[in-house]
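K.L.:
Pasting in a structure now, in structure tokens, and then I'll have a few things to ask.
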Amino acid sequence: MAKRPLGLGKSAQQKIKKQKAQATNDNTSTADEPTQIQIQLDSNADLDDELTQLNGLWNSYVDSERDDELILNGIIHECDRLLRSEQQKEKKSDTKPIVLTDIFHSIYALALSELTIFKSEEDDEKKRFKLIADFFDSALERVQLGLEKYPDSPLLRLTESKIIFQRIPLEYIAQLNTGSKNKKTIPDIKKLLKRGEQVFDIDNIEPKYFDLAFQILQSFNDCLDIIENFGHESEIEEGLDSDVDEDLEEIELDESHPLYEVKKQLDEHYQWLREKLEQLFLKIEKELEKETEEKEDREKITYLYASVAKTIGELYLKAAEIYSHIFTALAYEDDAPKDIDGFDLKTSQKKALELTSKAVNYFEKAVRKDDPQTWVDHAEAIIDLGNLYDYKSEDQESSYAKAESLLEKANKATNGKYKDVLDKLLSNDDDE
């Protein structure tokens, strides 16, 4: 298992630590300055509508660095105010009450769950997990209250899914170590993951929620990554800035460990993740074909299209890893057996080629004219594909030549930023 970036739990906490340190260093000049917030509103939006303003404030937070707890508190306080206002107007027969839509309930719930990331920095462990649990409970309660009024809302189901996938690492896995046993404070994580998958429904969502759907699937990907690498957090953290991939030994968990059953089902969860990302990708692709968006909106959805494609490509490469390793061992290691785990040379090669070819296809779709890194990602996937073809075959030589061309183009555009990648490819060719 190669070193991989930390997922939601650890990376979020590291990010908050860094931001707090920067804030401390900068507070001499900005302590008394009020926070300036630019609210995103559509050109045809009703500027006097309170729900429109709330939605604009939330969108502004989502598109920001998400490092300002005060903005989140402001959103939650505004939600509280609107809720009180609705309740007061309902009591007055001569006053038209505010209609709190499913968007309101979603924003309220998401803001509460987002606040848990900041609460994860509380030093007192008992208090920390109590705060996190309370905010997640409140967030899910808000979703359920919304579903009572809007039972067919795809947005609220997406919201519940996002909260579940965020809660598992931040509250539950954060309490575990490799020697943990099942306990009352940790629910059945296997059932929670299944619940998150069941309520994730993008069949009927509007295009404006495509980005939210992608965020949820990214959170799920992070969650699976944390589970897969559980017990190796320190090694991975130390290797974050390293260019050297090192295999990590598999950690065997006791059958009584809360993650034991979950780890056995990781392949199924990754398959579900790929399928949902591909489903989302097709929806985005169809939306782009309409060409009805304004320039700014089209740029956003085009960027989302590339981001989703890249993520799918990465997941297909990951799925191909085990078959690629088997093929490489059988093809090039001395005294290799006839098969490994039931896969012989040809079957492992076929499976690895199938999955890696899909990865290459998605990395190609992820290529952006203004981003050389996407050209390099595409080239590296093509190199992986070339490595799976028969030695010195036409397909292998063609793959390496195509990758070389992409890398040369990327280096020309960036003054040699990717020279090491190109040199590695060329040196491999020389060795052959």
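The values are calculated or read from the model by the stated rules, or taken from the named source; none is laboratory data. Please read all numbers here as calculations on a predicted model, not as lab measurements. All Cβ positions, even for glycine, are placed from backbone atoms using ideal geometry, and neighbour counts span all protein chains on display.
Conditions (1) assigned to a loop (DSSP other than H, G, I, E, B); (2) under 16 Å from residue 50 (Cα atoms); (3) touching a Phe, Trp or Tyr at 6+ places or on another chain (Cβ under 9 Å), marked per residue:
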site: 79; (1), (2), (3): no, yes, yes
site: 85; (1), (2), (3): no, yes, no
site: 108; (1), (2), (3): no, yes, no
site: 131; (1), (2), (3): no, no, no
site: 137; (1), (2), (3): no, no, no
site: 159; (1), (2), (3): no, no, no
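K.L.:
Then there is this: Can you name the condition, by its number, that residue 269 falls short on among (1) at pLDDT 95 or above; (2) over 18 Å from residue 321 (Cβ atoms)?
P.N.:
If we test residue 269 against (1) at pLDDT 95 or above; (2) over 18 Å from residue 321 (Cβ atoms), just (2) comes out false.
K.L.:
Within segment 172-194, work out how many residues are in a helix (DSSP H, G or I) and either exposed (fewer than 13 other Cβ atoms within 10 Å of the Cβ) or of a type in the set (Gly, Ala, Ser) (or both).
P.N.:
As a first pass, look at segment 172-194 and keep what is in a helix (DSSP H, G or I): 172-175, 189-194.
If we keep only those that are either exposed (fewer than 13 other Cβ atoms within 10 Å of the Cβ) or of a type in the set (Gly, Ala, Ser) (or both) as well, we get 174, 191.
Selection size over segment 172-194: 2.
K.L.:
Could you tell me which of the residues 323, 332, 362 is more than 26 Å from residue 267 (Cα to Cα) and not polar (S, T, N, Q)? Explain how you work it out, then say what you get.
P.N.:
On the way: 323 fails: more than 26 Å from residue 267 (Cα to Cα); 362 fails: more than 26 Å from residue 267 (Cα to Cα).
Result of the check over 323, 332, 362: 332.
K.L.:
Let me ask something else about it. Run down 145, 72 and say which single residue is modelled with pLDDT under 95 and not polar (S, T, N, Q). Before the answer, list the steps.
P.N.:
Details: 145 fails: modelled with pLDDT under 95.
Among 145, 72, only 72 is modelled with pLDDT under 95 and not polar (S, T, N, Q).
K.L.:
Then there is this: Do the conditions hold for residue 250, that is, is it within 15 Å of residue 225 (Cα to Cα) and loosely packed, with under 15 Cβ neighbours inside 10 Å?
P.N.:
Details: within 15 Å of residue 225 (Cα to Cα): yes; loosely packed, with under 15 Cβ neighbours inside 10 Å: yes.
In short, yes.
K.L.:
Among the listed residues 400, 391, identify the single one that is in a loop (DSSP other than H, G, I, E, B) and not polar (S, T, N, Q).
P.N.:
Working: 400 fails: in a loop (DSSP other than H, G, I, E, B).
After applying the criteria, what remains is 391.
K.L.:
Go through 322, 340 for me and flag whichever is under 25 Å from residue 221 (Cβ atoms) and either touching a strand residue (DSSP E or B) at 6+ places or on another chain (Cβ under 9 Å) or among the hydrophobic types (A, V, I, L, M, F, W, C) (or both).
P.N.:
Values: 340 fails: under 25 Å from residue 221 (Cβ atoms).
Matching residue, one of 322, 340: 322.
K.L.:
Looking at the structure I just gave you, is residue 50 modelled with pLDDT of 85 or more, surrounded by 11 or more Cβ atoms within 10 Å (Cβ to Cβ) and over 26 Å from the mean Cα position of the chain (by Cα)?
P.N.:
For residue 50, the condition - modelled with pLDDT of 85 or more, surrounded by 11 or more Cβ atoms within 10 Å (Cβ to Cβ) and over 26 Å from the mean Cα position of the chain (by Cα) - is met.
K.L.:
May I pose another question? May I ask you to verify whether residue 163 is touching a residue at least 12 places away in the same chain (Cβ under 8 Å) and under 22 Å from residue 214 (Cα atoms)? Lay out the reasoning, then the answer.
P.N.:
Working: touching a residue at least 12 places away in the same chain (Cβ under 8 Å): yes; under 22 Å from residue 214 (Cα atoms): yes.
Against the criterion (touching a residue at least 12 places away in the same chain (Cβ under 8 Å) and under 22 Å from residue 214 (Cα atoms)), residue 163 qualifies.
K.L.:
Another question about this same structure. Among the candidates 311, 356, 374, single out the residue that is of a type in the set (S, T, N, Q), closer than 24 Å to residue 158 by Cβ, at pLDDT 95 or above and buried (at least 17 other Cβ atoms within 10 Å of the Cβ).
P.N.:
Details: 356 fails: closer than 24 Å to residue 158 by Cβ; 374 fails: closer than 24 Å to residue 158 by Cβ.
Step by step, each of 311, 356, 374 is checked, and only 311 is of a type in the set (S, T, N, Q), closer than 24 Å to residue 158 by Cβ, at pLDDT 95 or above and buried (at least 17 other Cβ atoms within 10 Å of the Cβ).
K.L.:
Additional query: Out of 423, 371, 390, report the one residue that is of a type outside the set (A, V, I, L, M, F, W, C) and within 27 Å of residue 326 (Cβ to Cβ).
P.N.:
Working: 423 fails: within 27 Å of residue 326 (Cβ to Cβ); 371 fails: within 27 Å of residue 326 (Cβ to Cβ).
Just one listed residue meets the conditions, 390.
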